[in-house]
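Undergrad: First the structure, then my questions, so here it is.
Derivation of every value follows stated rules applied to the coordinates shown; laboratory data play no part. Model, not experiment: these values are computed from the prediction. Quick reminder, even Gly has a Cβ in these numbers, built from the backbone with ideal geometry, and neighbours come from all protein chains shown.
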Amino acid sequence: MTVRSSTGSYEIVFDTPDSALREIPQGAYVITDENVWAAVEPWRDRIERANCLVLPPGEQSKSIETYERCVRWLAEHRASRRSPVVALGGGVIGDLAGFAAATYMRGVPLLQIPTTLLAQVDSSVGGKVGIDLPDGKNLVGAFYPPTKVLVASGFLATLPRRELINGAAEVWKYGFIMDNALVEALEAEPIESADVEPIIRRCIELKARVVEEDEHETTGLRAILNFGHTVGHAIEKVQGYVGLKHGEAIAIGMVAEAWLSRRLGLCEESVAERVAGGLAKQGLPTAKPERVTIDALVEAMRRDKKADREGLAFSLLTGPGACKLVQNVPERDVIEVLSRCWA
Ligand SMILES: NC(=O)c1ccc[n+]([C@@H]2O[C@H](COP(=O)([O-])OP(=O)(O)OC[C@H]3O[C@@H](n4cnc5c(N)ncnc54)[C@H](O)[C@@H]3O)[C@@H](O)[C@H]2O)c1
Ligand SMILES: [Zn+2]
């Protein structure tokens, strides 16, 4: 599959873990984390031809300090402008190593090898890379498309179940906003037992279609991917990014935003019911954590970058597998829906 971007096209290749890792060029610079390093043990010799930097796992690694560690490691090893950086891991490694690749010597080739479901269906495609600041998530970053993405669903065999379900939230999201047949497939067979590669392929096709049209988030089209994210991000923020995982927070957000879609008359009640039912069956949370108040959520949404001056903006459902971006949603509707759907 080819994805067009303003700086050229890049290929998404579906592969086995073994062949994906064989593609790492000799002398490349692989950035990964400790869990992934353990998971790729059976194929370690394919990677050891390259230079490897193994970092602590977790969101804390998407920091200025770890970013500095990455670019200084590249400099110390005399990586040149042509040396490829390989992001081998989940979204944390993809964003961090991607940002290092985007900025080291003003940009070196970037090969993405995503190893979580979330990274395979979402973060490795679309060119957003970046790191967090103590002041907020993803505050420093760039649009930097990879030169290639190697997707091997075989990596998911070692992924902890909670991480798989976390990624599944984004899969359901693509279905709810763009592809009702995908929702039907997920309803018929849980992702844990399904043949996951065609599902991943479908999600990437859907994301690629959107980012090709609105790569730099200027027309508003890319913002449709934020279904569930206005409320979801607010939950993550209020919780201080501990507790719920991203997919879990956006699952709660999707249920709330589906009911908001209904309240604004954009879809039938059955559409919102299907969102709540599907996510619950998937084992994702659908109600807010008790200690998070609606006031705190609304305050966080107001400050979020998706809120414009007039009011809140949401990607809302207009039917099964369909959505649109809605600006200036009155706060009172949001408050009313949140109070009702979590009552
Ligand atoms: N750039 C984008 O467009 C974009 C989109 C969505 C999310 N993100 C970012 O992605 C990050 C979340 O990504 P994530 O959910 O993949 O988290 P993650 O990278 O932290 O990975 C989750 C956990 O799984 C482990 N792991 C990864 N692959 C494994 C494997 N194959 N076997 C066993 N363990 C494995 C990791 O070490 C980690 O502990 C966030 O920082 C988020 O901001 C970016
Ligand atoms: Zn997301």
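Undergrad: Express in % the proportion of alpha carbon pairs of the stretch 33-145 at distances exceeding 16 Å.
TA: Working: 3519 of 6328 pairs.
In whole percent, the long-distance tail amounts to 56.
Undergrad: Only helical DSSP H runs with n ≥ 4 go in: add -39500 (n - 2.57) per run for the chain, normalise by residue count and round the 222 nm mean residue ellipticity to 500 deg cm²/dmol.
TA: It lands at -13500 deg cm²/dmol.
Undergrad: Using the Karplus curve 6.51 cos²θ - 1.76 cosθ + 1.60 with θ = phi - 60°, work out ³J(HN,Hα) for each residue of the stretch 211-220 in order, rounded to whole Hz, and write x for Gly and Pro.
TA: With coefficients 6.51, -1.76 and 1.60, one gets 6, 5, 7, 9, 4, 9, 6, 9, 8, x Hz.
Undergrad: Hey, another quick one. Out of LEU117, THR2, ILE199, whose Cα points farthest toward the positive end of the dipole of the chain (charges: +1 Lys, Arg; -1 Asp, Glu; placed on Cβ)?
TA: THR2
Undergrad: For the stretch 313-329, in order, what is each residue's ³J(HN,Hα) by Karplus, 6.51 cos²θ - 1.76 cosθ + 1.60 with θ = phi - 60°, in whole Hz (x at glycine and Pro)?
TA: 10, 9, 8, 10, 7, 10, x, x, x, 8, 7, 8, 7, 10, 8, 6, 6
Undergrad: Using the alpha-carbon centroid of each, what span in Å lies between the stretch 121-181 and the stretch 214-238?
TA: Between the Cα centres of the stretch 121-181 and the stretch 214-238 lies a distance of 13 Å.
Undergrad: Taking the chain as the region of interest, what is the percent of Cα-Cα pairs per 10 angstrom bin, listed from the shortest bin to the one with the maximum distance?
TA: Distribution as computed: 6, 26, 34, 23, 9, 2 percent.
Undergrad: Please give the contour-minus-distance gain from ARG291 to GLU76: 0.36 nm per residue of separation, less the Cα-Cα distance, rounded to one decimal in nm.
TA: The ARG291-GLU76 span can extend by a further 72.7 nm.
Undergrad: Which cross-chain or sequence-distant (5 or more) residues have an amide H under 5 Å from the amide H of VAL326, H modelled 1.01 Å from N in plane?
TA: PHE314, SER315, LEU316
Undergrad: Let me ask you something else. How long are the semi-axes of the ellipsoid equivalent to the stretch 127-242, from square roots of 5 times the Cα gyration tensor eigenvalues, in whole Å, largest first?
TA: Gyration-tensor ellipsoid for the stretch 127-242: 24, 19, 16 Å.
Undergrad: Also: What are the principal axis extents of the Cα atoms in the stretch 35-85, in Å, biggest first?
TA: 30, 28, 14
Undergrad: Report, to the nearest 10°, how far helix 331-341 tilts away from the longest principal axis of the Cα atoms in the chain, using its own Cα long axis and a range of 0 to 90°.
TA: Its long axis makes an angle of about 90 degrees.
Undergrad: Taking every pair of alpha-carbon atoms in the stretch 168-214, what share in percent sits in each 10 Å bin, from 0 to the bin with the longest distance?
TA: For the stretch 168-214, the pair-distance distribution reads 27, 58, 13, 2.
Undergrad: Gain in length, ASP333 to ASP15, computed as 0.36 nm per residue apart minus the alpha-carbon separation, to one decimal in nm?
TA: Using 0.36 nm per residue and subtracting the Cα-Cα distance, I get 109.8 nm.
Undergrad: Test of the criteria: in the stretch 44-149, which trypsin sites (Lys or Arg not before Pro) are in a DSSP loop and have at most 14 other Cβ atoms within 10 angstrom of their Cβ?
TA: Answer in residue order: ARG78, ARG81, ARG82.
Undergrad: Would you calculate the separation in nanometres between label points at TYR241 and LYS324, each defined as 7 Å from the Cα along the Cα-to-beta-carbon direction?
TA: 3.5 nm
Undergrad: Can you list the HN-Hα couplings for the stretch 269-278, worked out from phi with the Karplus curve (6.51, -1.76, 1.60; θ = phi - 60°), rounded to whole Hz and with x for Gly and Pro?
TA: Working through the residues one at a time gives 4, 4, 5, 5, 4, 5, 4, 4, x, x Hz.
Undergrad: Say a paramagnetic label sat at a point 7 Å from the Cα of ARG22, along Cα to Cβ; which residues of the stretch 29-63 have their backbone N under 19 Å from it?
TA: The answer is 40-50, whose backbone nitrogens lie closer than 19 Å to the label point.
Undergrad: Going 7 Å from the Cα of ALA38 along its beta-carbon direction, which residues of the stretch 50-87 have the amide nitrogen within less than 13 Å of the resulting point?
TA: Correct set: 56-58.
Undergrad: For the chain, with only Lys/Arg (+1) and Asp/Glu (-1) charged at the beta-carbon, what is the dipole magnitude about the Cα centre, in debye rounded to 20?
TA: Dipole magnitude for the chain comes out near 700 debye.
Undergrad: Using modelled backbone amide H atoms (1.01 Å from N, in-plane), which distant-in-sequence or interchain residues come within less than 5 Å of LEU133's amide H?
TA: Placed amide hydrogens put ASN138, LEU139, VAL140 under 5 Å from LEU133.
Undergrad: Here's something else I'd like to know. Run the reach check for LYS62 against lysines, Cα to Cα strictly under 24 Å, same-chain hits fewer than 8 apart removed. What comes back?
TA: LYS128, LYS137, LYS148, LYS207, LYS237, LYS245, LYS305, LYS306
Undergrad: Specify, per residue and in Å³, the volume enclosed by the convex hull of the alpha carbon atoms belonging to the stretch 161-341.
TA: About 109 Å³ per residue, rounded to a whole number.
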